[in-house]
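The values are calculated or read from the model by the stated rules, or taken from the named source; none is laboratory data. Given the structure is predicted, the values throughout are model-derived calculations rather than measurements. With ideal geometry, Cβ positions are generated from the backbone for all residues, glycine too; neighbour counts draw on all protein chains shown. Surface areas here come from the heavy atoms of the whole protein model, side chains and all, with no ligands, DNA or RNA. Shrake-Rupley method; radii C 1.70, N 1.55, O 1.52, S 1.80 Å.
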Amino acid sequence: MMALFRAEWRKIAGNRLLISCLLWVWPFLGCALTGLLTLIFLLNTDARANYINEPIPWTDAALLPWQLLNNIFGRLLLLAFAITVFAGEYEYRTWKTVIPGNRRAQLLLVKYLATGGFVIRFLAIMMVLLLVSIGFMNAIFGASYPPQLTIDSFLHGVQDVVLNATLTFTAALIVTTLAILVSMWTRSILFGLVAGMVISIIESFGIPSLLFIASELLKIDEILDLVIFFPTFNTDNLSSWINSNQPLIYFDATPKVPLLASVLILTVWVVGLGWLSMFVFKRQDIQ
Amino acid sequence: MSDAVIVTENLTKRFGSRWGRESKVAVQGVNLQVTGAQVYGFLGVNGAGKSTTIRMILDLMHPSQGRALVYGKDPRRQPDVLRRVGSLVEGATFYPYLSGWDNLRVIGNSQAQFNQQRATELVERVGLDKAIKVKVRAYSTGMKQRLGIAAALLQDPDLIILDEPTSGMDPAGIREMRRFIRDLAHEQGKTVFLTSHLLSEVQQTCDRLAIINAGQIIQEGALTDLLSQQSLYELDVSDVERTRNALQERWSVIPTENDGLLHINAPRADIPHIIKRLVEQGIDIYSMAPYRQSLEDYFLELVGLEEGKLS
């Protein structure tokens with residue numbers, strides 16, 4: 001299993017174009033954000049004064065990368081990465097070399113872990129770069145870097161990061177599984193990307209809109225409540241619980257979903273999609 | 001049989017049978033038995049079902065009916081048995097953004113554990129030592145085939161399945177590969193199961209072969225037995241058309257590309273009768289001699305195709 005994981009890791013790491021475009025983009029964005037803020041504060045004294053009064057806390061800087069996958073832009077980048085990794089095996093016709101002698105479920109599991117591992121690794125790099133660069137920026141402008149570093153504040157910060165990272169990993173798993181299913185169906189990176197993005201955008205925006213239209217047309221408000229069963233709503237809801245300690249309000253009439261219910265719904269999605277991808281992959285003929 | 005390396009039992013594959021589509025039978029009731037330490041050839045024209053059969057043996061495709069056993073085990077239930085198998089299926093394919101060496105590392109680790117020393121030896125053996133650090137996207141087809149053969153042998157497998165192994169290689173490379181494949185079976189005791197469209201290569205490499213046509217095995221046996229099964233004679237006559245008319249009622253007459261030459265399939269005891277009949281018809285006979293059939297002739301005759309239609 002370890003050798004298989006090493007093989008998978010090397011495959012992904014060796015695809016420099018993929019890593020540069022879809023993973024290094026995160027740390028780059030982190031640095032670019034700090035660079036942009038520094039430039040603004042250098043050019044505008046009012047903005048600088050405001051910032052010094054209310055600087056970015058290191059706890060927020062640490063959380064920023066983990067909240068990226070909770071928006072559509074972050075999800076699409078991750079989806080593109082995962083689809084390239086999975087559909088690449090079909091496009092390069094390399095499954096036929098890798099599958100004989102291995103259990104397909106094991107191959108899929110290793111792909112999940114390696115893909116997830118790469119995403120977490122680059123978000124962690126982004127977190128470190130943000131923490132350091134924002135700290136550096138604050139030092140340049142003479143701003144403090146709150147909250148003061150104590151054991152309590154450190155543990156609290158770590159707890160927030162772990163919770164957000166777990167949520168990110170869950171969202172990543174769902175997107176990755178979606179990518180696997182799309183890749184199995186299209187067997188092409190390009191078609192996989194297009195289909196994956198369409199599905200992801202529909203899931204994020206299309207389903208709430210469709211539910212809204214259906215509820216207006218049929219004059220049944222309860223139709224809107226169905227949105228609570230979809231992954232995006234539940235990852236957003238969990239994020240809201242973790243970071244604001246309150247449920248997400250999607251539509252005014254949508255029920256407030258408790259934290260545990262969202263955990264349960266997301267677990268069902270992760271397990272269900274994971275099982276489906278294993279089932280399809282096990283039965284699939286490899287050309 | 002206890003020493004059988006590959007056994008297929010009524011192996012069948014149908015495509016497109018779902019959602020009301022008419023199904024296409026790619027492989028129909030194939031029964032094979034491949035024993036150890038030999039080179040076993042698997043011949044057939046394009047679309048005959050060779051690669052589909054190999055894919056079912058390697059658990060890349062699921063049989064619609066029947067099963068394939070490798071070393072007595074069904075790879076669908078016990079995929080570990082395929083760790084004893086090295087394969088190169090329908091053209092060598094790799095991760096184009098990795099070097100040849102990194103591809104071997106990835107494949108080695110995917111199969112079991114990458115053995116650097118063995119990989120180095122194999123790279124030298126297939127003549128890729130100078131290009132092994134180059135990215136595979138820059139490789140020619142022949143280089144990819146060589147790398148594919150090295151990859152198939154990485155884990156020192158007992159059974160090696162090679163689908164068109166010399167495809168894209170130059171004549172010197174083909175000769176080298178032929179020697180290499182024979183050594184694997186006869187010096188190292190490996191079993192090699194190979195397909196090739198180069199029938200003369202198969203004739204020089206294989207000990208035993210099966211011929212598949214339209215998804216069905218139409219002939220199977222030791223190469224020498226198959227080629228000596230038919231007693232063919234080459235006849236040089238003054239009038240080919242009249243000779244055919246005179247003989248084809250009783251014997252099988254096969255035209256050749258050369259003017260005045262015919263092949264006749266007949267037992268040795270019939271030769272005096274053939275000559276007598278031709279003399280009675282006033283046809284001049286310049287020579288009549290036993291004809292040693294090549295595998296290509298045999299194959300073409302068997303599948304009823306003309307030369308040039310082979311894959």
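The table below lists the values:
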| item | result |
| --- | --- |
| Filter result for the condition that a residue is buried (at least 18 other Cβ atoms within 10 Å of the Cβ) and within 14 Å of chain B (Cβ to nearest Cβ), over A:14, A:30 | A:14 |
| Residue match in region B:2-17 (condition: part of a loop (DSSP other than H, G, I, E, B) and within 14 Å of chain A (Cβ to nearest Cβ)) | yes |
| Failed criterion for residue A:56 (all others in (1) open to solvent by 20 Å² or more (accessible area, probe 1.4 Å); (2) in a helix (DSSP H, G or I) hold) | (2) |
| Residue selected from region A:230-254 under the condition open to solvent by 50 Å² or more (accessible area, probe 1.4 Å) and not in a helix (DSSP H, G or I), by the criterion modelled with the lowest pLDDT | A:253 |
| Lone unmet requirement of (1) within 24 Å of residue A:178 (Cα to Cα); (2) hydrophobic (A, V, I, L, M, F, W, C); (3) in a loop (DSSP other than H, G, I, E, B) for residue A:143 | (1) |
| Some residue of region B:164-178 being under 18 Å from residue B:58 (Cα atoms), at pLDDT below 90 and not hydrophobic (A, V, I, L, M, F, W, C) | yes |
| Residue satisfying all of: in region A:255-287; of a type in the set (S, T, N, Q) and within 14 Å of chain B (Cβ to nearest Cβ); least open to solvent (accessible area, probe 1.4 Å) among these | A:284 |
| Filter result for the condition that a residue is open to solvent by 10 Å² or more (accessible area, probe 1.4 Å), at pLDDT below 90 and within 14 Å of chain B (Cβ to nearest Cβ), over A:103, A:93 | A:103 |
| Residue within region A:25-33 that is small (Gly, Ala, Ser), within 20 Å of the chain's Cα centre (by Cα) and under 30 Å from residue B:101 (Cβ atoms) present | no |
| Any strands (runs of 3 or more DSSP E) falling wholly within region B:57-164 and containing at least 3 residues that are away from every other protein chain (no Cβ under 13 Å), touching a residue at least 12 places away in the same chain (Cβ under 8 Å) and under 26 Å from the mean Cα position of the chain (by Cα) | B:65-70 |
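Matching residues to (1) open to solvent by less than 10 Å² (accessible area, probe 1.4 Å); (2) under 25 Å from residue A:95 (Cβ atoms):
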residue: B:125; (1), (2): no, no
residue: B:136; (1), (2): yes, yes
residue: B:166; (1), (2): no, yes
residue: B:178; (1), (2): no, no
residue: B:189; (1), (2): no, no
residue: B:198; (1), (2): no, no
